[in-house]
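After the structure tokens below, expect a handful of questions from me.
The values are calculated or read from the model by the stated rules, or taken from the named source; none is laboratory data. What you are looking at is a predicted structure, and each value in this text was computed from that prediction instead of being measured. In this analysis, Cβ positions are derived from the backbone assuming ideal geometry, glycine residues included, and neighbour counts consider all displayed protein chains. Only protein heavy atoms, including side chains, enter the accessible area calculation; ligands, DNA and RNA are left aside. Shrake-Rupley method; radii C 1.70, N 1.55, O 1.52, S 1.80 Å.
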Amino acid sequence: MKGLIENRFGLLALVLVALGALYGVAFVSRPAPVPQKTAQKVKTAVESVSMVCPDPAGGRLNVITPPAEQGTGDGGSGAATVEQMKGGKPLASLDKVGALWRQDVPLRTRPVTVAGMGAMAAGLEAAQTTRVTSGAQRGLSGVRCVEPGAEAWFIGPGPAAADVTLHLANSDEAAADVAVMVYAGEGPVLSDRGNGLVIKPGEYREVKLRDLAPSPLVMAVQVTTSGGRVAAAVRASLGEGRGVDWLPAAAPPSTQVVVPGIPGSAGQRELYVATPGEQDAIVQVKAVLKDGSYALKNKETVEVPAGSTTTLDLTTGVGGQAGALVLTADQPIVAGMRMTGTGSRQDVAFTAGATPIDLGSVVADGGPGAKSAKSGGVQQSRLVLSAPFGAATVRIRILPQDGAPAEPVEVALPAARSKEIKLKPPPGSRSGFAVHIVPVAGSGPVYGGRVLSEDTPEGVLLTVQPLAQARTWALVPATAEWPGAVLP
């Protein structure tokens, strides 16, 4: 042993053996590693929301916060206010969840702001509906009240085919610097008049799009802000006997777009598609109807030149059938559809690409009840729901202006199918109502629209509101400890 220790190589061997023994003991006795969990977004109730109803004058204004879902609690207290912009008078103060507020608005009413806090914010929804029976503005028109944002897209007829008005409102405390870009059939339309629009806090402005781009027959419109936020909406009047309605906000450019809420009534169906990018797009068109999903004969694809908007007549493909369209393209696109009613004097309605209602959807104006507010004409209300990518089940609940809410009804949607569901107030209620739609857990993506129609001696009045994601929940990114947040 003494000789081994005196040998430097032997000593090194003993040290290595000792270290190996110590490492082995430490390895065997160490605690099991804790698996790293991927940070998940947190679902939390919305506690503050605001929106602008762009021009409710002469129409019907509807505001509601839906009741909380079973098992989610009552959400505590809260309040919502309804008031005219720019120092206008208050119209209502609401504090009861589930109670629908409806009011006919005088002709000279300014844009209206709707704001909610606390429990009244989660799912707060507002919409305006206007009915005119004569003159150049004859038609049934409606729009979901608009939440301010930094970008908005619209697609529909251009100033050469309709009187198109862009409504801009700033309900925030900071000025909004707005730019407007038009994509016409002949390509992008650049105009200095559409840039550098400054909308002051509390200000609203109407911009005739013929002043920016007078020649387009069809167009897509992009509204952006470089500072602040703005609530944007677009109204199109096609002229005497041709109808009027609002263009719903369209989903941002994407290579897959679903255009929902096509009513199952007769009349023309014209698809609008825009490619705002710098490369041409080839778009595949598929219809999702009651009996299945399939490409339309001789209309399977449409080519859209870069920076332009084009149309495709689908009357012989989807006319008279309720459903949706699924558009798949090799370049990002924006899409929508124009639908006309039948009769000697036509009305027009629009729908546009939408997002799935994964967190549910609320329609503040589900229908007028037995009779419309001002006319005595009987209006029919329907939901057109589609499940283009997988089977789904939704719960539909009618929330009347008077009386108790109806019990939720479950509706099953087979994969790649659409359904049209008639809506009416619960027994004993003849008032207007709102609608709350919630997909059941595990359902595939659901898209849809609410259709209001009315038969008149001169022709059918028509308006469509695509279903939008309810402002009920927000997905908040998960937080984690990080020294860099406090270290210089």
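Report, in listed order, any pair from Lys290/Lys424; Lys297/Lys422; Lys96/Lys424; Lys290/Lys422; Lys297/Lys419; Lys286/Lys424 with a Cα-Cα distance greater than 24 Å. Display every interim value, and only then the final one.
Working: Lys290/Lys424 21 Å; Lys297/Lys422 30 Å; Lys96/Lys424 22 Å; Lys290/Lys422 15 Å; Lys297/Lys419 22 Å; Lys286/Lys424 31 Å.
Exceeds cut-off: Lys297/Lys422; Lys286/Lys424.
By average Cβ neighbour count within 10 Å, what is the ranking of 79-86, 350-357, 407-414 from highest down? Provide the component values of the computation, followed by the final result.
On the way: 79-86: 18.2, 350-357: 25.0, 407-414: 13.8.
The densest-packed peptide leads the list: 350-357, 79-86, 407-414.
Now, a different point. Scale the Cα Rg of region 219-362 by the rule-of-thumb value 2.2 N^0.38 Å and send over the ratio, two decimals.
Details: Rg = 15.4 Å, N = 144, 2.2 N^0.38 = 14.5 Å.
Rounded to two decimals, the normalised Rg is 1.06.
Compute the label zone of Asp358 within region 416-441: residues whose backbone N is under 18 Å from the point 7 Å along Cα-to-Cβ.
Under cut-off, by backbone N: 437-441.
Accessible area per residue, 1.4 Å probe, Å², for region 50-476: what's the number? Spell out each step's value before the answer.
Numbers: 16510 Å² over 427 residues.
About 39 Å² of surface per residue is accessible.
Only Cα pairs under 8 Å and at least 6 apart count here; give the relative contact order of region 44-185 as a rounded whole percent. Intermediate results must be reported in sequence, preceding the final value.
Working: 270 pairs, mean separation 45.6, N = 142.
Taking the mean separation of contacting Cα pairs over the length of region 44-185, I get 32 percent.
For the pair Ser48 and Glu300, how long in nm is the line joining their label points, each one 7 Å along Cα→Cβ?
5.3
Karplus couplings for region 93-109 from phi (6.51 cos²θ - 1.76 cosθ + 1.60, θ = phi - 60°), rounded to Hz, Gly and Pro as x?
10, 10, 9, 10, 5, x, 9, 7, 9, 9, 8, 6, 9, x, 4, 9, 6
From the residues Pro263, Gln222, Gln284, which one has its Cα farthest along the dipole of region 218-320 in the positive direction, the dipole being from +1 and -1 charges on Cβ of Lys/Arg and Asp/Glu about the Cα centre?
Of the options given, the answer is Pro263.
If you place +1 on the Cβ of every Lys and Arg, -1 on the Cβ of every Asp and Glu, and leave all else neutral, what size is the dipole of region 50-476 about its Cα centre, to the nearest 20 Debye? Please list the in-between numbers first.
Numbers: 37 positive and 38 negative charges, 222 e Å.
Roughly 1060 debye, rounded to the nearest 20.
Students often get this wrong: which residues of region 112-145 have the backbone nitrogen under 16 Å from the point 7 angstrom along Cα-to-C-beta of Ala175?
Within reach of a label on Ala175: no residues.
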